[in-house]
Amino acid sequence: MLTNACSSEPADRVADHPEYQGPNIVALEPVLLEESDQYYLGNPSSLVVDTLDGSFLVSDHYSGRMFRFGRDGSVVQTYGRPGSGPGEFQGIGPAFVLNDSVVVGADMGRRRLSRFVSATGEYAGLTPYPGSAGLTTAVVDGVALIPSVDLDSMKAMVVWDPAGGSLRHVIDLPETYRRSLRGPSAFMGLFGLGTVAAWPDTMLFGMGGTNEVYVATWDGEVIDTVHLPNVRRRGVPHDAQARIDDVANPSTTFNERMEMVSVLSGLYVMSEGATVFIHHDIEVVGEPPMVELLATIHASVLSRDRRTACVDGPVEFANEMRVVHSVARDTLYLLDRTLNEAEDTMMTWIRRYAIDTSACDWLPVG
């Protein structure tokens, strides 16, 4: 079923077929978020659904804090503020719900995890961590897995047990990224963030610019590698890292480097144990230094046994702000922004989509 690809083609490219049926991403009723001069999302960096009550936790670079929105879009609570002191953020990254009473925000500027009381927003302490936090996190039974590249140890995954007080790197940085770091590191700089999904015994871990996703134990032993086939998205050429790191070659522009790969931007566990993959095909509008990054989003589903996949279901959205998303159970949530009817202000929505695999054409996984 898989075609043999030359070195400049994606590793697991399936012959494009217009009748191929990937997952059907069905739009549901969206949620309009409450915003004002006091509560405004200028540059969101992560979105998490708290399955306990259906509320939404959003971290925002612009305001340097986290917001909790209710299921109806109203502001329920805020956490943190800009700054360098306790409970403050210099560069807020992913936020996550640690347990029923604690939420956490990763400060990428100061490399620390700040905890807050969920109900009140009260600051509850911090934990320093090495490296740089990735795109998404996973929490299982109160233990958090945080993609975090530490260049000293060349590790790419942190396991953090707040109750036991331990924090350790467990997975080696993939060789593609090690090669990039031995050169100009352009590939690492563009696609150096990771994502993770987890179960009580294993995790799936991937970096933004590779086709490979690694099945590993919580101790960091890689026990399998998944190569998700691609039909409609770009995938990742075999030689992407070498071409992107060939910065002395004037024939490869910044725009071409950004548009060369499908960026793995999220791994999420569905209710029955399957895994959702979210890929972004970036489109660069303009020329450096004044560019705008847009994205075509594809959702794929890896079966629970990790032997087959239904891939490249298109996700429709306005594409007018930083693409931030999450999956809770079998629903995809995506932050989106549109102009109001008067076209004098922007409205921020949480788009909701059912992930329907009932008509899928399942492909073997390499």
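The values are calculated or read from the model by the stated rules, or taken from the named source; none is laboratory data. Quick caveat, the model's predicted, so the values are computed rather than measured. Cβ sites come from the backbone with ideal geometry, for glycine too, and all protein chains shown count toward neighbours. With ligands, DNA and RNA removed, areas are computed over all heavy atoms of the protein, side chains included. Shrake-Rupley method; radii C 1.70, N 1.55, O 1.52, S 1.80 Å.
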Residues that are among the charged types (D, E, K, R) and free of Cβ contacts under 8 Å to residues at least 40 places away in the same chain, drawn from region 199-219 | Asp201, Glu212
Would it be correct to say that Thr136 is at pLDDT below 95, under 18 Å from the mean Cα position of the chain (by Cα) and among the β-branched types (Val, Ile, Thr)?
-> yes
Selection from region 34-56 of residues at pLDDT below 95, aliphatic (A, V, I, L, M) and surrounded by 13 or more Cβ atoms within 10 Å (Cβ to Cβ) yields Leu41
Taking region 57-88 and keeping only residues that are among the aromatic types (Phe, Trp, Tyr) and either open to solvent by 10 Å² or more (accessible area, probe 1.4 Å) or touching a Gly at 6+ places or on another chain (Cβ under 8 Å) (or both), one is left with Tyr62, Tyr79
Would you list the strands (runs of 3 or more DSSP E) that sit entirely within region 176-246 and hold 1 or more residues that are farther than 18 Å from Ala156 by Cα and open to solvent by 20 Å² or more (accessible area, probe 1.4 Å)?
-> 222-227
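Name every residue in region 149-166 that is part of a loop (DSSP other than H, G, I, E, B) and either under 18 Å from the mean Cα position of the chain (by Cα) or of a type outside the set (Gly, Ala, Ser) (or both), in order of residue number. Spell out how you get there, then give the answer.
Of region 149-166, the ones part of a loop (DSSP other than H, G, I, E, B) are 151-154, 162-165.
Passing the criteria: Leu151, Asp152, Met154, Pro162.
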Does Val291 satisfy the condition of being part of a strand (DSSP E or B), under 20 Å from the mean Cα position of the chain (by Cα), at pLDDT below 95 and farther than 19 Å from Asp312 by Cβ?
-> no
Output the residues belonging to region 204-240 that are charged (D, E, K, R) and within 18 Å of the chain's Cα centre (by Cα).
-> Glu212, Arg233, Arg234
Only listed residue being at pLDDT below 95, in a strand (DSSP E or B) and touching a strand residue (DSSP E or B) at 6+ places or on another chain (Cβ under 9 Å), chosen from Arg337, Arg322 = Arg337
So which residues in region 89-118 are open to solvent by 30 Å² or more (accessible area, probe 1.4 Å) and more than 19 Å from Leu167 (Cβ to Cβ), if there are any at all?
-> Gln90, Asp100, Ser101, Val117
